[in-house]
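Below you'll find the structure, written out as structure tokens, and then a few comments.
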Amino acid sequence: MVKEKVIILGAGIAGSQTALELAQDYDVHIFTKSDPLASNSALAQGGIAAAVHPDDEPLSHYRDTLIAGHFENNRKAVRLLVEEAPHIIEELHREGFIFDQTSKGKLLFGLEGAHSMPRILHAGGDQTGLLLTRFLHDHFPATVQFHQHEMATSILLDEYGHVAGIRTLTTKDGHCHFYHCDHLIIATGGIGQIFGSTSNDLSITGDGIAMAIQIGARVSDLSAIQFHPTLYFANGHAVGLVSEAVRGQGAVLVDQNDRRLMAEEHPLADLAPRDVVSSVLFRAQNAGCTIFLDISAVTDFETKFPQITAMLDKNQEPFRLTKKIPVQPGAHFLMGGISTNLSGQTSIPDLYAIGEAASTGVHGSNRLASNSLLEAFVFSKRAADQIKRTKVAYKKMAIIPKKTKGLQGTLPEKAVLQEKVRQALGIERSEKTLNDLLCFLATHSFLNCQVTNKDMLERRNMCILAAKMADNALVQLQRVETEMR
Ligand SMILES: Cc1cc2nc3c(=O)[nH]c(=O)nc-3n(C[C@H](O)[C@H](O)[C@H](O)COP(=O)(O)OP(=O)(O)OC[C@H]3O[C@@H](n4cnc5c(N)ncnc54)[C@H](O)[C@@H]3O)c2cc1C
């Protein structure tokens, strides 16, 4: 019997977990734009949140998620997330994944911002994401076809408006390909690289969301961006992240005069929710402060945080001597994305979205730390279950759009676009900078541009997103103004 074909875009935790769920019954193809481990999943340092400590309970995890999200979360989604969490951990354990433990074999729990108790499970110290992603990839059966360095460029529909295939570009030789599919899953992650200063992997340019927008899929909360307070900067550039788990171990934020920046700002001080800490640091920076993470209270830093240590050493940061790491806030996570129900279904038939690319409303307006890897596991399983319940009733024929000649648009330089986005969609926003961004984009007429390579495709996708994000941010600003009146 011919198996239905499922295409998964993205080999982070969301995409990889779905591939495993469907491998037995479907012809599964998973695509990644770059190396198999080039994803935000593989960069995750802190770990995965789950109420598995004997003194913890899903209700407490639920409460913390809602408080961090300013009660703007989809409560059904949060409930699913926190209730499924212990089962996800149990299943990973059963399959042989080892979370960090004490010498007596008891699980070690990390503490991160806005959690009312230590509940973050981690592996290899700060290498949870890398080890989990490798673990999933290592479990792919031979039947899963793993297309690496192959970037999805557009989604194709059939005459009834159902998803019927994709187009791709092999990034090493520039060749274009077409694939038919019965079900398509977007797991391409967030949008971090649309900002110059970001914790995100270079491959995270919002491609999946931009492609979904182009076929008319519903999107939501696209301007809801989480800024992480502690990106490590070297020579003026964001190099990577210093996990909140470091503050969970006692590190504190100080200025150049060793003045504590969070002590008086929130009852949880340095472990306040991310949006609170980032706003305080942003204001401090604007007032001329230089910000450091003082790690003098953290014991065995190098053992607990080997990945962060390697990053600092690579950049010759003298943190062992100074006990300080220079940090600044930067773009980290997208709360919004392609609108889906709780089974990953989008507004386009046979198109699913999961992980950071999806918007279920689970995070509200500010994601609770370490809920994202959990989201990737929980909702990818649910999307896979939904696909198993859905039979494709007919043989689809993708409509291949004709090549348009004489296109005249242009694309902005990446760095220029990133700077405009930073000014408009950063921590503090105004109508003026948002309208400036929209005017800047309008001068390029980017949709009318002939795109022929990866760099151009990424820049076009970033323009599509920047325009939608600015529109959404303007609506949000107007909403706040109306509420204030
Ligand atoms: C530095 C850092 C630390 C973090 N720490 C934590 C943490 O401790 N705990 C936590 O819960 N969350 C953490 N997060 C957030 C979390 O890692 C991500 O939200 C989550 O991993 C997203 O998973 P995903 O599978 O949806 O997407 P990703 O893991 O980002 O994967 C996206 C995939 O899509 C592929 N792709 C992109 N575009 C295309 C295209 N056009 N064609 C084909 N493939 C494409 C990429 O190559 C990649 O394989 C962290 C994020 C960062 C950046």
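Just so you know, all these numbers are worked out from the coordinates, no wet-lab data involved. Keep in mind it's a predicted model, so treat the numbers as computed, not measured. Note that each Cβ is placed from the backbone with ideal geometry, even for glycine, and that neighbours are counted across all protein chains shown.
Maximal additional length on extending the Lys104-Cys289 stretch stands at 62.2 nm, based on 0.36 nm per residue less the C-alpha distance. Taking Cα centre as origin and charging only the Cβ of basic (Lys, Arg, +1) and acidic (Asp, Glu, -1) residues, the dipole magnitude of the range 414-484 rounds to 300 debye. Among the trypsin sites (Lys or Arg not before Pro) in the range 68-118, those placed in a DSSP loop whose Cβ has at most 14 other Cβ atoms within 10 Å are Lys104, Lys106.
About its Cα centre, the range 228-330 has a charge dipole of approximately 100 debye under the convention of +1 per Lys or Arg Cβ and -1 per Asp or Glu Cβ, with nothing else charged.
Please work out how much length the chain gains when fully extended from Gln450 to Asp35, using 0.36 nm per residue of separation minus the C-alpha to C-alpha distance, in nm with one decimal.
That pair, Gln450 and Asp35, stretches by 146.8 nm at full extension.
Helices from the chain with mean Kyte-Doolittle at least -0.5 and a Cα length along the axis of 30 Å or more, per DSSP H: which? In the chain, the long hydrophobic H runs are 454-484.
With the charge dipole of the range 414-484 set up from +1 on Lys and Arg Cβ and -1 on Asp and Glu Cβ about the Cα centre, the Cα lying farthest toward the positive end among the listed residues Ala415, Thr482, Thr433 is that of Ala415.
Highest mean packing first, where packing is the average number of other Cβ atoms within 10 Å per residue, the peptides 5-18, 55-68 line up as 5-18, 55-68.
Estimated from helical segments only, the mean residue ellipticity of the chain at 222 nm is -11000 deg cm²/dmol, where each DSSP H run of four or more residues counts as -39500 (n - 2.57). Amide H contacts for Lys324 (H built 1.01 Å from N in the peptide plane; partners 5 or more residues away or on another chain; cut-off under 5 Å): Ile295. The dipole here belongs to the chain: it is taken about the Cα centre, uses +1 on the Cβ of Lys and Arg and -1 on the Cβ of Asp and Glu, and is about 1020 debye. For Ile185, nonlocal amide neighbours, meaning residues 5 or more places apart or on other chains whose placed amide H falls under 5 Å from its own, are Ile7, Ile8, Leu9, Tyr352.
Quick check: residue separation of Thr443 and Arg479 times 0.36 nm, minus the Cα distance between them. What number comes out in nm?
Computed gain between Thr443 and Arg479 is 10.2 nm.
One Cα centroid belongs to the range 385-449, the other to the range 212-234; the line between them spans 13 Å. Applying both filters, DSSP loop and at most 13 other Cβ atoms within 10 Å, to the GluC sites (Glu not before Pro) of the range 232-315 gives Glu264. Taken one residue at a time, the phi angles of the range 193-206 give Karplus couplings (6.51, -1.76, 1.60, θ = phi - 60°) of 6, 5, 9, x, 9, 8, 7, 6, 4, 4, 7, 8, 10, x Hz. Gly and Pro are set to x.
Considering only the other residues whose Cβ falls under 10 Å of the Cβ of Tyr179, what net charge follows from Lys and Arg at +1 and Asp and Glu at -1?
Working: positive: Lys5, Arg167; negative: Glu150.
Net charge in that neighbourhood comes out at +1.
Between Ala234 and Val239, the built amide H atoms are under 5 Å apart, and every one of these is 5 or more places off in sequence or on another chain. Classify the chain as rounded, prolate or oblate from the Cα gyration tensor: take a ≥ b ≥ c as the square roots of its eigenvalues, call it rounded if a/c is under 1.5, otherwise prolate when a/b beats b/c and oblate if not. In terms of gyration-tensor shape, oblate. On the basis of the beta-carbon distance and an R0 of 22 Å, Asp471 and Ile215 show a calculated FRET efficiency of 0.75. Would you please state which residues of the range 20-38 a label at Val2 would reach in this model, taking the label point 7 Å out along Cα→Cβ and a backbone N cut-off of under 13 Å? Of the residues in the range 20-38, 27 have backbone N under 13 Å from the label point off Val2.
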